[in-house]
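The values are calculated or read from the model by the stated rules, or taken from the named source; none is laboratory data. None of these values were measured; they are calculated from a predicted model. Here the Cβ is made from the backbone with ideal geometry for all residues, glycine too, and neighbour counts use every protein chain on show. SASA here: full protein model, heavy atoms, side chains in, ligands and nucleic acids out. Shrake-Rupley method; radii C 1.70, N 1.55, O 1.52, S 1.80 Å.
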Amino acid sequence: MCNACIMERSLASLSRRDLMGLASAALAAGVLAEATPATAQSRRTPSLPAMIPTGRVHDLTHPLSPSFPIIPIPGLTFPFRISEIATIAKNGVYSNKWELIEHNGTHIDAPSHFIAGQFDLDHFEPAHLVCPIAIIDVTERATQNRDLEITPDDIVAWERTHGRLPANAAVFMRSGWDQKVATADVFIGMDASGTMHFPGFSAETCAFLVQERDIAGVGVDTISFDPGFDKDFKAHKALFRGGKWGIECLANLDLVPASGAIAVIGMPKVKGASGSPCRVYAFTR
C-alpha cells in the first residue's frame with residue numbers, strides 16, 4: 001500500500017481532538033515553515049482554522065519523477081533527475097542524488113520568484129500554510145476553451161453560493177488538467193508558434209484577490225497559474241506584489257468540495273529559495 005494511502009487511513013481514524021493536537025505539535029516542532037518577517041511588507045499572522053475536518057485527508061500532490069512535464073525554457077529549465085549513489089548491497093545504505101529546479105512537479109512559488117525585494121521561501125509563516133480552501137471549478141468551460149481565465153466575476157459567483165471568501169483562503173482552480181499530466185504535450189499545450197495553452201487566473205483576478213479579499217494564495221492544477229498564452233506572467237506579478245504564494249500542478253481537486261475543506265502545505269525550508277516542490281493535503285468532512 002502507498003505511503004499516502006496509509007497516512008490517509010491513519011489520519012481519517014483520528015478524533016478531532018487527536019488531530020488538532022497532532023497539528024499543534026507539528027507546528028510547534030517546525031514541521032511547517034517557521035515564521036520569520038522578511039520585509040516591511042510582511043503580513044499579519046492569521047488565526048489558524050478553529051477546527052480541521054477529520055472525515056478524510058486527500059493528497060493533492062503529483063509524484064515527482066523525471067517524466068513530469070516542465071515549461072521548456074532552453075538553458076533554464078530541465079526535468080527532475082534522480083540517480084543512485086549508494087545501495088544496501090554495496091554500501092549498507094540506500095541513497096539517491098536529486099537534481100532539480102525549484103519549480104519541478106507540484107510546487108509552491110514564493111513572491112521573490114518575480115518581484116525583487118519580496119520574501120523568499122524560508123519566510124513563509126506556518127499559519128499561511130494552513131488555509132480554508134475555495135475551489136473555483138471551471139472544468140466544463142475549460143474543455144471548450146484551453147485559454148480560459150478565471151475572472152473576478154468567477155470569484156463573486158462562488159461567493160453568491162458559499163459566502164465571502166474566508167480569511168486566509170487558498171483559492172484553487174479546478175480545470176481537470178491534472179488528468180492530462182501523463183501526456184506532457186497535452187498538459188503544456190504548446191502550439192507551432194511556441195505559445196502554450198492551458199487555463200489560469202487573470203492578472204485582474206489576482207489583483208482583486210490581493211486588494212479586495214484576504215487570501216493566503218492561489219493554486220492550480222495546470223503548470224502555471226498564468227494562462228498558458230501569457231508570456232509576461234502578469235498574474236504572477238500581480239499576486240506576488242501582494243506577498244501571496246502560488247501553487248502549481250495540484251492533483252485530485254475533484255475530491256475536494258467547493259468550500260469547507262482545509263489545506264495543509266508542507267515544504268522544505270530553504271534559505272533564499274524562490275520556490276520548492278511541496279506536499280499539499282486537503283482535510284474534508
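Quick notes on this one:
- Restricting the stretch 76-85 to residues that are closer than 20 Å to Ala251 by Cβ and assigned to a loop (DSSP other than H, G, I, E, B), the residue that is least open to solvent (accessible area, probe 1.4 Å): Phe80
- Matching residues, the stretch 160-176, being open to solvent by 10 Å² or more (accessible area, probe 1.4 Å) and closer than 23 Å to Pro227 by Cα: Leu165, Arg174, Gly176
- Restricting the stretch 270-285 to residues that are in a loop (DSSP other than H, G, I, E, B) and open to solvent by 30 Å² or more (accessible area, probe 1.4 Å), the residue that is nearest to His58 (Cα to Cα): Arg285
- Reported count of residues in the stretch 132-158, each being exposed (fewer than 14 other Cβ atoms within 10 Å of the Cβ) and closer than 24 Å to Asn252 by Cβ, is 6.
- Hits in the stretch 245-261 (condition: surrounded by fewer than 23 Cβ atoms within 10 Å (Cβ to Cβ) and among the charged types (D, E, K, R)): Asp254
- Qualifying residue in the stretch 262-269 (condition: under 20 Å from Gln118 (Cβ atoms), open to solvent by 10 Å² or more (accessible area, probe 1.4 Å), in contact with a Ser or Thr (Cβ under 6 Å, 6 or more places away or on another chain) and part of a loop (DSSP other than H, G, I, E, B)): yes
- Identity of the residue in the stretch 86-131, small (Gly, Ala, Ser) and either in contact (Cβ under 8 Å) with a residue 40 or more places away in the chain or in contact with a Cys (Cβ under 8 Å, 6 or more places away or on another chain) (or both), that ends up surrounded by the fewest Cβ atoms within 10 Å (Cβ to Cβ): Gly117
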